[in-house]
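What follows draws every value from the coordinates through simple rules; no lab data is involved. Keep in mind that what you see is a predicted model, and the values were worked out from it rather than measured. Here the Cβ is made from the backbone with ideal geometry for all residues, glycine too, and neighbour counts use every protein chain on show.
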Amino acid sequence: MSEHTEIEAQVRAWIDRFVVGLGLCPFARQPVEGEQVKIVVSPAHDSEALLEELQQQLLWLDAQPPRATETTLIVVKEMLGDFLDYNDFLDLADALLINLGWDGRFQFASFHPDYQFAGTDPDDAENYTNRAPWPILQLLREDSLETVLASYPNPGQIPERNIAAMNRLGSTALAELLQKCREAKPK
């Protein structure tokens, strides 16, 4: 069993238990159940290599019909363990989209083990809406987002609903659940 297989199992457990299980993304269930989510474990050790990986994955995803692959999650296992470094890298990733002319076609969703929203304390439960077992950059198709958002009632209330749900569960329970995801083994 490879390290990549173990990491992918941990990310899939997080998707099942957090993203879908807690309803953090009301649009995730269909692509997950339809096996339209690609998970890539990046071997990149520096920003240049990771940007190259992002470009390759964007090219690949762009060539796939959404019914085959709706989204790609790039798991960064060798770098960006520090949340501030990760946050700084997001600016480079967004610049890549602009430089390649994909701004408006794709966007990144960001997840990190130590994710912390501005104005929150590190242990605040609401930070778990974007916490994951590994640093992750998710490639999202903007046209798909627009389609599902147009048919979803009050999509602007999703973040507030998620924060309320995280606060009800509490930091301790959420930390335990995330730890279980980190311990998940391939099936």
Viscosity 0.692 mPa s, temperature 37 °C: give me the Stokes-Einstein translational D for the range 127-187 in µm²/s, with Rh taken as the Kirkwood radius over C-alpha pairs. 235 µm²/s
Quick one: length gained pulling Lys180 to Gln56 fully straight, 0.36 nm per residue minus the C-alpha distance? 41.5 nm
Which cross-chain or sequence-distant (5 or more) residues have an amide H under 5 Å from the amide H of Val41, H modelled 1.01 Å from N in plane? Val75
Percent of all Cα-Cα pairs per 10 Å bin for the range 3-182, counting from 0 up to the last occupied bin, reads 9, 37, 40, 13, 0
Using θ = phi - 60° and Karplus 6.51 cos²θ - 1.76 cosθ + 1.60, couplings along the range 32-37 (whole Hz; Gly, Pro as x): 5, 5, x, 6, 10, 10
Roughly speaking, what is the centre-to-centre gap between the range 128-147 and the range 1-73 when only Cα atoms are used, to the nearest Å? 9 Å
If neighbour count is taken as other Cβ atoms inside 10 Å, put Leu96, Leu54, Leu59 in order from fewest to most. Leu59, Leu96, Leu54
After finding the eigenvalues of the alpha carbon gyration tensor for the range 1-83, what semi-axes result from the square roots of 5 times each, listed largest first in whole Å? 22, 17, 12
Could you list Leu139, Leu58 in order of exposure, starting from the residue whose Cβ has the fewest other Cβ atoms within 10 Å? Leu58, Leu139
Report, ordered by chain and residue number, the lysines lying within cross-link reach of Lys77, taken as a straight Cα distance under 20 Å and ignoring same-chain residues fewer than 8 apart. Lys38, Lys180, Lys185
Here the percent of antiparallel bridges among DSSP beta bridges lying wholly in the chain, to the nearest 5, is 60 percent
The range 71-161: chymotrypsin sites (Phe, Trp or Tyr not before Pro) in DSSP loop, at most 14 other beta carbons within 10 Å: Phe117
